[in-house]
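Please read the structure below before turning to the comments.
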Amino acid sequence: MSIDKDELLLSAQSALIGSIPKKLRGLTVRNDYNSLLWVAYFDDQPTEKEKGILSKAFHEVASKYPSIQSTREEFVFIPTSFRIDMLDYWVFLRWEE
């Protein structure tokens, strides 16, 4: 069962209020059938605390959708000189020159 895009984005953005680490460049999600993938891109290696804060938000979002049977979160370091790719939707995207 697919999750409504607007509902997913609103849920994710709500969970992230006050939880965006300074080094976060972007956060993108993919929802395929009964799975949810969440990828956080950082401009420096994320700390365990930063990963933990985002993980808590991810689990808050995933718990709202009982149809999701598979979840995966990734924390990726990609310097600002490199492009970051969107999955299905951007939940957060930092402005960069």
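Values in this text are rule-based calculations from the coordinates and carry no lab data. Quick caveat, the model's predicted, so the values are computed rather than measured. No Cβ is skipped: glycine too gets one built from the backbone with ideal geometry, and neighbour counts run over all protein chains shown.
Considering the conditions (1) in a helix (DSSP H, G or I); (2) within 10 Å of the chain's Cα centre (by Cα), GLU7 is excluded by exactly one of them, (2).
When the residues of the range 68-97 are filtered to those that are assigned to a strand (DSSP E or B) and among the β-branched types (Val, Ile, Thr), the one that is nearest to SER14 (Cα to Cα) is VAL91. Are any of the residues in the range 14-34 in a helix (DSSP H, G or I), charged (D, E, K, R) and out of contact with any helix residue (DSSP H, G or I) (no Cβ under 9 Å at 6 or more places or on another chain)? The answer is no, given that none of the residues of the range 14-34 is in a helix (DSSP H, G or I), charged (D, E, K, R) and out of contact with any helix residue (DSSP H, G or I) (no Cβ under 9 Å at 6 or more places or on another chain).
For the range 46-67, does any single residue satisfy the condition of being touching a Gly at 6+ places or on another chain (Cβ under 8 Å) and either in a loop (DSSP other than H, G, I, E, B) or surrounded by fewer than 12 Cβ atoms within 10 Å (Cβ to Cβ) (or both)? No, the range 46-67 contains no residue that is touching a Gly at 6+ places or on another chain (Cβ under 8 Å) and either in a loop (DSSP other than H, G, I, E, B) or surrounded by fewer than 12 Cβ atoms within 10 Å (Cβ to Cβ) (or both). Has the range 86-96 got at least one residue that is surrounded by 15 or more Cβ atoms within 10 Å (Cβ to Cβ), over 11 Å from the mean Cα position of the chain (by Cα) and basic (Lys, Arg)? Within the range 86-96, one or more residues are surrounded by 15 or more Cβ atoms within 10 Å (Cβ to Cβ), over 11 Å from the mean Cα position of the chain (by Cα) and basic (Lys, Arg). Among residues of the range 40-54 that are farther than 14 Å from VAL91 by Cβ, those with a beta-carbon under 6 Å from a residue that is outside any loop (DSSP other than H, G, I, E, B) and of a type in the set (Lys, Arg) at least six positions away or on a different chain give the pairs ASP43/ARG25.
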